Amino acid sequence: MSRSSFITWLFLIAIVSLGCSKVTGNFPSFFSKKQQYEKFVSENLTYSLHIPAHWQAKTSLTHGSLLKNDTKQLKCIGNYREMMTIKQAVEPSTNLAKPVSLGNKETVAPKTLNSFSNDYLRRLQNDLETFQIHESGETLVNNYRAKRFVYTYKDDLKYNTGRLKSILYIIDKNGKYYIVTGTDAKEDFKDTRNEFTKIVETLKFI
């Protein structure tokens, strides 16, 4: 091998090494190698997942973890970008579960996944304009039982030219309920749903 060929070979190795240096954690095998992903760990250290490197992650008092596409030149309908939220609701809770009489005492009965999901959907219906469920079913997330729903609604504050579409996971982790929602403009949802699903598949409880 000539000296010039050897130097070129070392240069290519350096480029490849630098290109991979931004990826943290275990690289999910089903993600495209053309895009970089980073491991996000919740502020209270209860779970982790992988998100695209160009997404922004922060903590919100109302939404829990807020994960949002931060691409500056992204063309999107109504200036809306795909976004995911993850929040935790611990059961039993006095405002979510019904009191049960035990003699002279009252206690709070822990909810099942079905009853928690039904109550949460009723709240969404009350809070979201033109709320409509299109799909529902059961699945497993990190080996925990979960309910999965797809719904649409209109949000004038964020998107005034049409409807938003969301995929919702309600995960039962031994009586602690995690609510994961991925949202995009309805017209773009068919393209981003697969990405939402893959991100949820990387969710691990710590």
Would the range 113-131 turn up any residue that is among the hydroxyl-bearing types (Ser, Thr, Tyr), within 24 Å of Pro52 (Cβ to Cβ) and modelled with pLDDT of 95 or more?
no
What's the number of the only condition in (1) modelled with pLDDT of 90 or more; (2) polar (S, T, N, Q); (3) part of a strand (DSSP E or B) that Thr59 fails to meet?
(1)
Could you list all residues from the range 169-201 that are more than 24 Å from Asn114 (Cα to Cα), assigned to a strand (DSSP E or B) and among the acidic types (Asp, Glu)?
Asp184
Could you grab the pairs with beta carbons closer than 7 Å, sequence gap of 6+ or different chains, first residue in the range 58-83 and over 12 Å from Asp184 (Cβ atoms), second one part of a loop (DSSP other than H, G, I, E, B) and modelled with pLDDT of 80 or more?
Thr59/Glu43; Ser65/Ser42; Asp70/His54; Thr71/His54
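The values are calculated or read from the model by the stated rules, or taken from the named source; none is laboratory data. None of the values given here were measured: they were computed from a predicted structure. Cβ atoms come from the backbone with ideal geometry, glycine included; neighbour counts cover every protein chain shown.
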